[in-house]
Every structure is written in C-alpha cells, then in structure tokens.
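First comes the structure, then the notes that go with it.
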Amino acid sequence: MAKIRHIALTTENPSEVAEFYKQAFDMQEIRRSDAGAVFLSDGYINLAILNWKTEKDADVGPNGPNYNGIHHIGFQVDDLDDSAEKLEQVEGQRLNQRHDDTTLAQTAAAPRNFEVKWAGPDGVVIDVSQSGWAIS
C-alpha cells in the first residue's frame, strides 16, 4: 500500500506561511530551497511550502497560477514502475517525463528524492516517489 508522505502548499510568501506552521504546530524546518520553498516535518509527513505555480509549470494544477492552498499530495510507493503502470491503467495523466531510457526504479535509486508528477481525474497533482521525502 502506498503511504501519504508529502503535502505541498503553494503561496505568495513561503517563509511567512512556514513560520505560521512552525509556531502553531511546532513543526521542524528541514531545509529551504534556492527558489524560496520551505520544507517542514512533523516527523512523519513532509510539508512543502512552495512559491505560487505559474502557467509555465507542468504541474500548475487545476486551480491555476497564483493559488494559495494545498497544491498536491505525495505518495511513497514500493515500486515506481509498478505504480506508473497502475496509474496508466486508471487513466492518470503523467505531467513530467523521463529524459532517458532507464526505469523509474533505477532513477529513484539516485541519492536525492525523485518523484514523478501525475494528475488524477479531477486534475489534482499527485507526486509519486520511491525514495520518499525527508522527514527529519
């Protein structure tokens, strides 16, 4: 069974929103990206607080650009190739592509997190990862 391990919010001001969650819920900051995203954790689930998406982003999502709120969820799976087959069978829409001919599982073995972005029938963005997201 896949496990929900990642939830992402998009906002105009990731630092301000991250401070809210840190102070209100004692979440721990894991890291910040060069693009301004802030990653928090409760020890079980990674909460990514991202900058607004734009029309240029493949995963802009059903709410469009400049959306404040929950943008996508991430599932950690045992096998990316198997999950991709299942998503294709239920007519999931792949939002990003590999740029080589390695299997998803081989790509996932890289030292950093690797995720494949999909959309469900309602357009909600779903990240699928074999390696998962940092939680501490």
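The values are calculated or read from the model by the stated rules, or taken from the named source; none is laboratory data. Not measured: the values here are computed from a predicted model. All Cβ positions, glycine included, derive from the backbone under ideal geometry; neighbour counts span all protein chains shown.
Filter the stretch 6-37 down to the residues that are outside any loop (DSSP other than H, G, I, E, B) and touching a helix residue (DSSP H, G or I) at 6+ places or on another chain (Cβ under 9 Å) and list them by number.
Leu9, Thr11, Gln28, Glu29, Arg32 - these are the residues of the stretch 6-37 that are outside any loop (DSSP other than H, G, I, E, B) and touching a helix residue (DSSP H, G or I) at 6+ places or on another chain (Cβ under 9 Å).
Of the numbered conditions (1) among the small types (Gly, Ala, Ser); (2) over 16 Å from Val116 (Cβ atoms); (3) at pLDDT 90 or above, Ala8 fails exactly one; give the number of that condition.
(2)
Pairs needed: first member in the stretch 71-98, exposed (fewer than 13 other Cβ atoms within 10 Å of the Cβ); second member anywhere, part of a strand (DSSP E or B); C-beta distance under 8 Å; at least 6 residues apart or different chains.
Glu88/Arg94; Asn96/Val116; Asn96/Lys117
Quick check, is Val60 farther than 28 Å from Ser136 by Cβ and either surrounded by 15 or more Cβ atoms within 10 Å (Cβ to Cβ) or in contact (Cβ under 8 Å) with a residue 40 or more places away in the chain (or both)?
For Val60, the condition - farther than 28 Å from Ser136 by Cβ and either surrounded by 15 or more Cβ atoms within 10 Å (Cβ to Cβ) or in contact (Cβ under 8 Å) with a residue 40 or more places away in the chain (or both) - is met.
Just one of Asp81, Asp59, Asp34 is over 15 Å from Val124 (Cα atoms), touching a Leu at 6+ places or on another chain (Cβ under 6 Å) and not aliphatic (A, V, I, L, M); which is it?
So the residue among Asp81, Asp59, Asp34 that is over 15 Å from Val124 (Cα atoms), touching a Leu at 6+ places or on another chain (Cβ under 6 Å) and not aliphatic (A, V, I, L, M) is Asp81.
If you scan the stretch 40-57, which residues turn out to be touching a Lys or Arg at 6+ places or on another chain (Cβ under 7 Å), among the hydrophobic types (A, V, I, L, M, F, W, C) and in contact (Cβ under 8 Å) with a residue 60 or more places away in the chain?
If the condition is that a residue be touching a Lys or Arg at 6+ places or on another chain (Cβ under 7 Å), among the hydrophobic types (A, V, I, L, M, F, W, C) and in contact (Cβ under 8 Å) with a residue 60 or more places away in the chain, then Ile45 is the only one that fits.
Filter the stretch 1-39 down to residues that are touching a residue at least 24 places away in the same chain (Cβ under 8 Å) and among the charged types (D, E, K, R) and give me whichever is nearest to Asn63 (Cα to Cα).
Glu12
Test Gly120 against the criterion of being surrounded by 12 or more Cβ atoms within 10 Å (Cβ to Cβ), of a type outside the set (Asp, Glu), out of contact with any helix residue (DSSP H, G or I) (no Cβ under 6 Å at 6 or more places or on another chain) and modelled with pLDDT under 90, and give yes or no.
Criteria met by Gly120.
Go through the stretch 119-129 and give me each residue that's in a loop (DSSP other than H, G, I, E, B) and within 12 Å of the chain's Cα centre (by Cα).
Within the stretch 119-129, Val124 is the sole residue that qualifies.
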